[in-house]
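Contents: one structure, followed by commentary.
The values are calculated or read from the model by the stated rules, or taken from the named source; none is laboratory data. Please read all numbers here as calculations on a predicted model, not as lab measurements. Methodologically, a virtual Cβ is constructed for each residue, glycine included, from the backbone with ideal geometry; neighbour enumeration extends over all protein chains shown.
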Amino acid sequence: MPFINDILQHKSLSIVGLDKNTGKTVCLNYILHRINQMNIHAGVTSIGVDGEQTDSVFATAKPEITLYEGTHFITSEQHYLKRQLVSVLERVDSRRTALGPLVTAKVLVRGKVLLSGAATTGVLRSQIEQLDSMGVRITIVDGALSRLSLASPTVTDAMILATGAAVSASINTLVARTRFVYNLINLEEVDVSLRQRLNSIESGIWAVGDDGTLYDLGIASAFMISASDQRLVEHGKCLFAAGAVSDRLLKALAAKGSGITLIARDFTKLFVTPEVYTDFTHRGNRLLVLQRSRLLAITLNPTSPQGFVMDSARTCDALSEALQTPVYDVKRIENNWK
């Protein structure tokens, strides 16, 4: 049972995809099935909506989420009322969503459910703490398109990255796009002492002097910077961006020369393209993070929503070789296990 034992070493796990239809729900069902066989009960929620029978964009069939006896789950009131399982209601959150208040329940008889959870990472963190206090062994958060924020190490302890034919039907392009995100996830961390000092800074771009002094550059956002702004290197070549890091910031820094170190909070704050990032690093600059997300596994969905099917074994091998880490087609694992 690949990566299941690794998962159980953590209190919370996020499953995020490089695109829609990369197999997040299949991966979630695989994990829930396996840990249920081990008599371990999980907590489950989502940041977005997951478990629909039909894809809203491509009108293709999608796997539904199956929950087992003893599983705790959090979803909106509207989707809780549509559940196809027997459960006991445990809590109704006073905070409302567009689909009603969030409901926490425990499964009594297995069945299917739609998950629609927290809209913000702050609420998500509180839900994980809530489920932990209820004795849940691990909370699994199913992601949504472009919502990598739940994979932040400040939200969940570990993550799984789902990729596949929906990203690209070309193996070379798929490998390149997956490798780029993989490299961002695994960026080098700063030393612990500097991390502790920078963690409390909530906004803006700051400089770190050679003697460790922190300077507020008076720049509120990376999206407001210009290449001619001399404040960027006024206090040296080490900077910290407390919020998002954009192509605009990397270009501005690259224009200042080489030897620049830019520190981001974590990879989920990086909104950069491969071309701009490569240019930035090839000029002799580097990008670091305060804290690295713990990536436990990469999974592959070889089928695109348009019906194109990649060679699963060949694609897994190509990704594994490029990333130097195992890549799993969960459906193939299940079929071989059966």
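Here residue 309 meets each of (1) more than 22 Å from the chain's Cα centre (by Cα); (2) among the β-branched types (Val, Ile, Thr); (3) within 26 Å of residue 190 (Cβ to Cβ) with one exception, condition (3).
For the residues 254, 241, the requirement of being hydrophobic (A, V, I, L, M, F, W, C) and over 19 Å from residue 215 (Cα atoms) singles out 254.
Within segment 312-331, the set of residues being farther than 17 Å from residue 166 by Cβ and either outside any helix (DSSP H, G or I) or basic (Lys, Arg) (or both) comprises 314, 324, 325, 326. Considering 163, 178, the condition of being touching a residue at least 40 places away in the same chain (Cβ under 8 Å), not in a helix (DSSP H, G or I) and not assigned by TED's automatic domain parsing to the domain that holds residue 243 is satisfied by 163 alone.
Filtering segment 87-105 for residues that are crowded, with 19+ Cβ neighbours inside 10 Å, small (Gly, Ala, Ser) and closer than 30 Å to residue 264 by Cβ leaves an empty set. In segment 151-161, the residue that is modelled with the lowest pLDDT out of those that are in contact with an Asp or Glu (Cβ under 9 Å, 6 or more places away or on another chain) and buried (at least 17 other Cβ atoms within 10 Å of the Cβ) is 151.
Residues of segment 240-283 that are in a loop (DSSP other than H, G, I, E, B) and among the basic types (Lys, Arg): 256, 265, 283. Counting only residues that are more than 15 Å from the chain's Cα centre (by Cα), among the polar types (S, T, N, Q) and surrounded by 17 or more Cβ atoms within 10 Å (Cβ to Cβ), how many does segment 1-20 have? Total meeting the criteria: 0.
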